[in-house]
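Working notes for the structure below.
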Amino acid sequence: MNTKRLALLVLLGSIVVVPVAKAQVQHIEMRVEGMT
Amino acid sequence: MKQHLGRQSGVQTVDVSLLDGKVQVTPKGDGEIDPVQLLKATYDSGVTAAEMDMTARGKMVKDAAGSLALEVAPNRVFTFAPNEASKGLESLAGTPTMVTLRGQLYKKPEGKKKSKDFPAVLTLLILEIEKKE
């Protein structure tokens with residue numbers, strides 16, 4: 001039982017939380033004509 | 001124009017440079033931004049959009065017609081205009097790989113004066129692949 005708990009602790013401790021790269025439109029650029 | 005574009009769905013900020021005629025649009029993170037609506041809103045502001053470029057991150061998918069497309073939200077995909085760069089991404093279709101790229105969504109037809117007839121669907125011509133992750 002202790003071995004299982006220890007293994008679980010090691011497993012949880014080894015998980016590195018990486019921020020999930022979100023799919024999205026990041027930027028839009030327009031070139032316009034006729035602007036004063 | 002800045003205020004008009006700023007009122008469009010999914011738009012967070014708009015920066016206008018009078019000097020070089022550039023308009024920078026930063027979207028909100030809600031995925032609601034619609035480039036066609038931006039083109040129409042620009043026209044309604046009394047100016048003509050000559051070119052529109054977009055930087056986006058998403059997954060490679062096949063659209064209903066079987067063409068390669070970038071999925072930036074569950075209900076929003078941009079089909080690629082075929083070029084060398086898009087051919088290189090074919091193998092990523094259906095995989096979880098996220099690709100960040102810059103591409104051209106719209107270019108005013110040569111010699112055409114002011115027109116409000118924008119294409120209903122914009123295709124994305126890849127200019128640069130920034131990241132694959």
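The values are calculated or read from the model by the stated rules, or taken from the named source; none is laboratory data. Computed from a predicted structure; not experimentally measured. Don't worry about glycine lacking a Cβ; one is built from the backbone with ideal geometry, like all the others, and counts go over all protein chains shown.
For region B:44-64, enumerate the residues that are over 30 Å from B:His4 (Cβ atoms) and part of a strand (DSSP E or B). Talk me through it step by step, then tell me what you get.
If we filter region B:44-64 for residues that are over 30 Å from B:His4 (Cβ atoms), which is where we start, we get B:59-64.
Once the filter is applied, which keeps residues that are over 30 Å from B:His4 (Cβ atoms) and part of a strand (DSSP E or B), region B:44-64 yields B:Lys59, B:Met60, B:Val61, B:Lys62.
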Tally, over region B:109-131, of residues that are modelled with pLDDT of 90 or more and not aliphatic (A, V, I, L, M): 4
Residue, modelled with the lowest pLDDT, within region B:55-64, restricted to residues that are out of contact with any Asp or Glu (no Cβ under 7 Å at 6 or more places or on another chain) and either over 22 Å from A:Glu29 (Cα atoms) or buried (at least 19 other Cβ atoms within 10 Å of the Cβ) (or both): B:Ala64
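Which residues, counting only those in region B:23-36, are within 18 Å of B:Gln104 (Cβ to Cβ) and either more than 9 Å from every other protein chain (Cβ to nearest Cβ) or surrounded by 15 or more Cβ atoms within 10 Å (Cβ to Cβ) (or both)?
Those that are within 18 Å of B:Gln104 (Cβ to Cβ) and either more than 9 Å from every other protein chain (Cβ to nearest Cβ) or surrounded by 15 or more Cβ atoms within 10 Å (Cβ to Cβ) (or both): B:Val23, B:Val25, B:Pro27, B:Ile33, B:Asp34, B:Pro35, B:Val36.
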